[in-house]
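We did not get these values from a lab; they are worked out from the coordinates using the rules stated. This is a predicted model, so every value here is computed, not measured. Cβ sites come from the backbone with ideal geometry, for glycine too, and all protein chains shown count toward neighbours.
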Amino acid sequence: MAARQQQVCTNIYKTNKINSMTDLTTRFAGLTLQNPLIIGSSGLTNHPDNIAELEKQGAAAVVLKSLFEEQIMAETEETIRAAYQHNLIYTQKSDAFDYIDMSVKEDTIAQYLELIRESKKRVSIPVIASVNCVTASEWTSFVNKIQTAGADAIELNIAITPTDVTQTIGAREKIHNIIFERVKTIARIPVIVKLSPYFTNPALVINSLSEAGADGLVLFNRYYNPDFDIETMTEKSANTYSRPDEYSYSLRWIAIMSGKVGTGLSAATGIHNTETIIKQLLAGAQTVQLVSAIYKEGPGYIQTLLKELEQWMDQKGFNQIDQFRARLCTTGSINQGIFDRIQFMKYFSNIG
């Protein structure tokens, strides 16, 4: 009975397709997806019930809410601090220190593995684990546990903000490669890397990770934006959600790189409507990641986006996404000069 209910939920969008000849199937990171819409790592994907609803509404895959390296470190430090206060440990060399350090990390990871297992029981779409990391330490052992728990792929969200003035040029890029290569060496499932927008040469980083064997690349992560409250003179969050006009940076680099690397690219940040989804596909993206739009409009918005995508394809005479994907990448029918700085100068020289 449960299996039958899951099948009904999984196919709820398929039964409402406006054009039975339109095929939205795509492939990304070795996964075959029923359409290009992936729900990105967020609070939307932190519980099996939420994930089941996203599948019901037509999501092709979900990236689970990230397990943050800093989260594990902070919880470990807090527990160890409390142990010191109660005289349970006296030195970092003690057996108790090692036990607490390992115990807290194992508990946090165990909760995440349970999320993977329970989600896989509830849905048939791919469930992608997400690790938000800043170092290569210990993540390699975690990968084996992710695989055993049943994740279909792993997304490495390598979040290293370039604020260290002593760091040499190229150091951040090397850290990305080190983390990826250590994980890829032992991974039996696809490894996806979600990139920061803050690189001196994004093309070099994208190409380097592609050549190293990345199964998929997500362009780009959106960092937390701080702001100040001048009345209370305290820090606050600014722009929690992305804006619809924030898609252009990922559009630029997907258009530039999609024809130059063999690794599939996924667009993220600023994906709020069907028009933007189509633009990213025209640039060469295999998929897009949605978060802010679903927070604002609700899971049912996925069906709206899919129906509008089908309508556009029907109007243009396309039966499959591959018939128009990458049509506007820089190795296709469009000149790369459109994406160069000189076009900015030409545009603004005509103003005033």
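Residues in the stretch 291-299 include none that are touching a strand residue (DSSP E or B) at 6+ places or on another chain (Cβ under 6 Å), part of a loop (DSSP other than H, G, I, E, B) and on the phi < 0 side of the Ramachandran plot.
Candidates Trp253, Trp312: the one that is free of Cβ contacts under 8 Å to residues at least 60 places away in the same chain, of a type in the set (A, V, I, L, M, F, W, C) and within 18 Å of Ser196 (Cβ to Cβ) is Trp253.
Any idea which residue in the stretch 176-210 is surrounded by the fewest Cβ atoms within 10 Å (Cβ to Cβ), counting only those that are free of Cβ contacts under 8 Å to residues at least 40 places away in the same chain and assigned to a helix (DSSP H, G or I)? Filtering first and then ranking leaves Leu204. One residue stands out in the stretch 258-272 among those that are in contact with a helix residue (DSSP H, G or I) (Cβ under 6 Å, 6 or more places away or on another chain) and assigned to a strand (DSSP E or B): the one that is surrounded by the fewest Cβ atoms within 10 Å (Cβ to Cβ), namely Leu265.
Any residue that is under 20 Å from Phe324 (Cβ atoms), surrounded by fewer than 24 Cβ atoms within 10 Å (Cβ to Cβ) and of a type in the set (D, E, K, R) - is there at least one of those in the stretch 278-286? Yes: one or more hits.
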